[in-house]
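A quick write-up on the structure given underneath.
The values are calculated or read from the model by the stated rules, or taken from the named source; none is laboratory data. Everything numeric in this text was worked out from a predicted model, so none of it was measured. FYI the Cβ positions are ideal-geometry reconstructions off the backbone, even for glycines, and counts take in every protein chain you see. Side chains are part of the model used for accessible areas, which takes the heavy atoms of the whole protein and leaves out ligands, DNA and RNA. Shrake-Rupley method; radii C 1.70, N 1.55, O 1.52, S 1.80 Å.
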Amino acid sequence: MRNDFLDVYFSGVKGRASLVLAMLILVASVPFSPGSGLTFLVGLLMIQAVFAISFNILFGLTGLISFGQAAYFAAGAYGTAYLMQLDVGMPFLVAWVLGGLIGGVFAIAVGLVALRRASGIYFAILSLALGQLVYTVIRYSDALGRDDGMLGIDRPVLNFFLFQIDLGVGERYFYFILIATALLVAFLWWVWHGKLGRVLFAIRQDPDRVRFLGVNVQRYQQYAFVIGGTTAALAGGLMGPWAHILTPELAHWSYSALPILMSLLGGVAYFWGPVAGAIVFAWLGYITRTMPGIQELVIGGVLLVIVLALPGGIAGGAARIRQWLRRRRLTNEKEAGSNA
Amino acid sequence: MLEAHGVGFSYPGIRVLQDINLTVEAGERHAIIGPNGAGKTTLFKVLSGEDIAQEGTVTYQGQDVTRKGAWERVKLGFGRTFQVARVFPEMTVLDNMIVALECRQRIRHESGGPWWKVAAGRLLLEEARERLAEVRLGGVADDEAGILSHGDKKRLELGLSLALEPRILLLDEPTAGMSPDDRKEVVQLLKGLQEKRDLTLLLTEHDMDVVFGLATRLTVLSLGQILASGDPEQVRKEPVVREVYLGQRH
Ligand SMILES: Nc1ncnc2c1ncn2[C@@H]1O[C@H](COP(=O)(O)OP(=O)(O)OP(=O)(O)O)[C@@H](O)[C@H]1O
Ligand SMILES: [Mg+2]
């Protein structure tokens, strides 16, 4: 069930590699398209896709509902931007990684409290409450711009000592986002499909059975927490320089709903599900951008229809089409065989 | 090897186990029988660490394990299967076994090959297939475990527990829901395994053919108390046992 839905058309290592390459080329060509609005949206989409996968590592893979995922995202966004604006000449890459670590440390703290004290719906509500804590801290902190947000965040200059790359030139920062998110997705893909992912997936299905395989389940849930929190924060760290502004809404619980909706829409049982969900989400936002007022209504309606019509999300629907295609091919082959 | 001293356990409002004293010797095949609701599963929970005894102590190889969690006891050599088999329904039968073997690697601090590899190594795959064949599931290795028959799930769960090479295995009704032929086969399988690998068995069972075909020691539990314990044939003859349990059925 965890197979990638993209296998419908591409199977095997070669097929998959060429598909990934095609996607990268497609995204890389976006800045050459007429009109600059699209470039900004696609950059945002890449960041949000990582955000959505980071949530689904907790939910779809490990079975933990986190209603406070935006807190990690915001911690990374604000942390990175704050370190950039300090007048200590910290290289951007260092600020970005430290921003990610802030999210990771916060995830460890939340995990220690929530995993020990609560399960099920209590766990979800606790994660929500701890998430709102970050929102409140940002709104009352002068250094983080309070309700007005942090303004005028510049695109950074990457300093490699021998040479420098000014990401403020042209659409260079867009390509930096592309590379950074591609690396993060690759890392999360590895987690999802590897040995760690297998045991996390087993924990989601039956934690007691896994305990009787000699695994300290709570510790592995904690690992999932750290991975989800750190990658969400690293995705968030890319936001400031892209949008030039950060507002407390990034930490609000309604922003935590975003990766949940994207994952449900795309299919939580599949690695690429949240990405598919993020794409549809961005596309809906794009085509309804000229309908202020009814925009939310249209998006909400479409989401409702898709979630109701496709219980496994977009990826689940695609997997069913694949099964159907395969069955048809097998019967065709059988018929061809009996005719011969 | 495994001992319970004065163990008591209650669910809110119901006293389920009272003053249980039980000794399981190394190498035994020890069966616990008793009517429905006697407390057999609860006793297993307390012995295996799924629940913690409220009174008394549980020792394993001389070590007090009363307060140790299930995963810690498994690391010491416990294995456990459930009355209603529990496997990972959304994974294939083969992946179920791979997860179990990878858990054993973690316990033993063995490497499973290069850390960056996502797929399980060749050796591990080979062992997984062998172990599935041992519990006669080789033919359904690529099926999802959720669609297996009840008996197949039981055998898979047994296979998962055996994969960890436990020293003592607690089996809660290992043949429940199986056909008579399958039962005989499981009895043979368990006997063979127990002789081949130095393994101690503690099991509950309602099927008397299985009990008397397998057990080297028999304990009767009723209303949370031990009525009798000893050689199966002798226990069978005790009047109190015939009255409370065997008499009802035979
Ligand atoms: N989770 C629970 N909460 C409350 N009472 C319980 C719980 N589990 C079991 N009981 C009660 O404890 C008693 C013993 O149950 P247990 O499952 O240990 O019996 P058993 O001997 O395994 O029975 P069976 O042969 O039907 O499997 C029963 O009266 C049962 O109703
Ligand atoms: Mg029982």
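Can you pull out every residue in the range A:111-139 that is surrounded by 11 or more Cβ atoms within 10 Å (Cβ to Cβ) and of a type outside the set (A, V, I, L, M)?
Kept after step one, since they are surrounded by 11 or more Cβ atoms within 10 Å (Cβ to Cβ), are these residues of the range A:111-139: A:111-115, A:118-119, A:122-139.
Of everything in the range A:111-139, those that are surrounded by 11 or more Cβ atoms within 10 Å (Cβ to Cβ) and of a type outside the set (A, V, I, L, M) turn out to be A:G111, A:S119, A:Y122, A:F123, A:S127, A:G131, A:Q132, A:Y135, A:T136, A:R139.
When the residues of the range B:6-21 are narrowed to those that are within 16 Å of ligand 2 (Cβ to nearest atom) and hydrophobic (A, V, I, L, M, F, W, C), which ends up most open to solvent (accessible area, probe 1.4 Å)? Spell out how you get there, then give the answer.
The initial filter retains those residues of the range B:6-21 that are within 16 Å of ligand 2 (Cβ to nearest atom), namely B:9, B:11, B:14, B:16-17, B:20.
Subset that is hydrophobic (A, V, I, L, M, F, W, C): B:9, B:14, B:16-17, B:20.
Numbers: B:F9: 13, B:I14: 102, B:V16: 20, B:L17: 0, B:I20: 0 Å².
Only one residue tops the list, namely B:I14.
Output yes when any residue across the range B:25-32 is more than 16 Å from ligand 2 (Cβ to nearest atom), touching a helix residue (DSSP H, G or I) at 6+ places or on another chain (Cβ under 8 Å) and aliphatic (A, V, I, L, M), and no when none is.
no
How many residues are surrounded by fewer than 22 Cβ atoms within 10 Å (Cβ to Cβ) and either of a type in the set (S, T, N, Q) or within 16 Å of ligand 2 (Cβ to nearest atom) (or both) when one looks only at the range B:61-80?
So the count comes out to 3.
With the checklist (1) in a loop (DSSP other than H, G, I, E, B); (2) touching a Lys or Arg at 6+ places or on another chain (Cβ under 7 Å) in hand, flag the one item A:I153 doesn't pass.
Every condition holds for A:I153 apart from (2).
Looking at A:M84, is it over 20 Å from the mean Cα position of the chain (by Cα) and among the aliphatic types (A, V, I, L, M)?
yes
Only one of (1) within 14 Å of another protein chain (Cβ to nearest Cβ); (2) touching a residue at least 12 places away in the same chain (Cβ under 8 Å); (3) open to solvent by 50 Å² or more (accessible area, probe 1.4 Å) is not met by A:R155, so which one is it?
(1)
Just a yes or no: is a residue in the range B:34-45 within 11 Å of ligand 1 (Cβ to nearest atom), more than 14 Å from chain A (Cβ to nearest Cβ) and open to solvent by 40 Å² or more (accessible area, probe 1.4 Å)? Spell out the reasoning first.
At the first step, the residues of the range B:34-45 found to be within 11 Å of ligand 1 (Cβ to nearest atom) are B:34-45.
Filter once more, keeping what is more than 14 Å from chain A (Cβ to nearest Cβ): B:34-40, B:42-43.
Next, from what is left, pick out any that are open to solvent by 40 Å² or more (accessible area, probe 1.4 Å): B:36-37.
Among the residues of the range B:34-45, at least one is within 11 Å of ligand 1 (Cβ to nearest atom), more than 14 Å from chain A (Cβ to nearest Cβ) and open to solvent by 40 Å² or more (accessible area, probe 1.4 Å), which makes the answer yes.
Being within 16 Å of ligand 1 (Cβ to nearest atom), in a strand (DSSP E or B), more than 14 Å from every other protein chain (Cβ to nearest Cβ) and open to solvent by 50 Å² or more (accessible area, probe 1.4 Å) is the requirement here; does B:L227 meet it?
In short, yes.
Residue by residue, here is whether (1) surrounded by 18 or more Cβ atoms within 10 Å (Cβ to Cβ); (2) touching a residue at least 60 places away in the same chain (Cβ under 8 Å); (3) over 23 Å from the mean Cα position of the chain (by Cα) holds:
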site: A:G273; (1), (2), (3): yes, yes, no
site: A:A276; (1), (2), (3): yes, yes, no
site: A:R289; (1), (2), (3): no, no, no
site: A:P292; (1), (2), (3): no, no, yes
site: A:L304; (1), (2), (3): no, no, no
site: A:A309; (1), (2), (3): no, no, yes
site: A:G316; (1), (2), (3): yes, yes, no
site: A:Q323; (1), (2), (3): no, no, yes
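Which of the residues spanning the range B:193-212 are within 16 Å of ligand 2 (Cβ to nearest atom) and not in a helix (DSSP H, G or I)? Walk me through how you get there before you give the answer.
Going residue by residue through the range B:193-212, those that are within 16 Å of ligand 2 (Cβ to nearest atom) are B:202-207, B:210-211.
Those that are within 16 Å of ligand 2 (Cβ to nearest atom) and not in a helix (DSSP H, G or I): B:L202, B:L203, B:T204, B:E205, B:H206, B:D207.
Give just the number: which of (1) in the same structural domain as A:Y78 (by TED's automatic domain parsing); (2) surrounded by fewer than 24 Cβ atoms within 10 Å (Cβ to Cβ); (3) not in a helix (DSSP H, G or I) does A:A182 not satisfy?
(3)
Residues of the range B:147-182 being among the acidic types (D, E), within 16 Å of ligand 2 (Cβ to nearest atom) and not in a helix (DSSP H, G or I), which ones?
Taking the range B:147-182 and keeping what is among the acidic types (D, E), we get B:152, B:157, B:165, B:172-173, B:181-182.
Next cut, within 16 Å of ligand 2 (Cβ to nearest atom) only: B:157, B:172-173.
Hits for the range B:147-182 are B:D172, B:E173.
Rundown of residues vs (1) in contact with a Leu (Cβ under 9 Å, 6 or more places away or on another chain); (2) at pLDDT 85 or above; (3) among the acidic types (D, E), yes/no style:
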residue	(1), (2), (3)
A:R2	yes, no, no
A:G12	no, no, no
A:L21	no, yes, no
A:F32	no, no, no
A:G35	no, no, no
A:L45	no, yes, no
A:A49	no, yes, no
A:L58	yes, yes, no
A:G76	yes, yes, no
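Do we have any residue at all in the range B:52-60 that's within 12 Å of chain A (Cβ to nearest Cβ) and open to solvent by 20 Å² or more (accessible area, probe 1.4 Å)?
no
Picking from A:V275, A:V280, A:V199, A:V191, which residue would you name as being over 30 Å from B:R167 (Cβ atoms) and within 14 Å of chain B (Cβ to nearest Cβ)?
From the options A:V275, A:V280, A:V199, A:V191, the qualifying one is A:V191.
Of the residues that make up the range B:155-175, is at least one surrounded by fewer than 18 Cβ atoms within 10 Å (Cβ to Cβ), within 12 Å of chain A (Cβ to nearest Cβ) and closer than 23 Å to A:G214 by Cβ?
Scanning the range B:155-175 turns up at least one residue that is surrounded by fewer than 18 Cβ atoms within 10 Å (Cβ to Cβ), within 12 Å of chain A (Cβ to nearest Cβ) and closer than 23 Å to A:G214 by Cβ.
Just to check your reading of the model, which residue among A:T331, A:T247 is of a type outside the set (A, V, I, L, M) and in the same structural domain as A:R204 (by TED's automatic domain parsing)?
A:T247
Could you say which residue among B:V74, B:V118, B:V87, B:V99 is aliphatic (A, V, I, L, M), at the interface with another protein chain (Cβ under 10 Å from one of its Cβ atoms) and touching an Asp or Glu at 6+ places or on another chain (Cβ under 6 Å)? Give the steps one after another, and end with the answer.
Values: B:V74 fails: touching an Asp or Glu at 6+ places or on another chain (Cβ under 6 Å); B:V118 fails: touching an Asp or Glu at 6+ places or on another chain (Cβ under 6 Å); B:V99 fails: touching an Asp or Glu at 6+ places or on another chain (Cβ under 6 Å).
Within the list B:V74, B:V118, B:V87, B:V99, the selection yields B:V87.
Which count do you get for residues in the range B:81-103 that are within 16 Å of ligand 2 (Cβ to nearest atom), open to solvent by less than 40 Å² (accessible area, probe 1.4 Å) and either hydrophobic (A, V, I, L, M, F, W, C) or within 13 Å of A:R198 (Cα to Cα) (or both)?
Of the residues in the range B:81-103, 2 are within 16 Å of ligand 2 (Cβ to nearest atom), open to solvent by less than 40 Å² (accessible area, probe 1.4 Å) and either hydrophobic (A, V, I, L, M, F, W, C) or within 13 Å of A:R198 (Cα to Cα) (or both).
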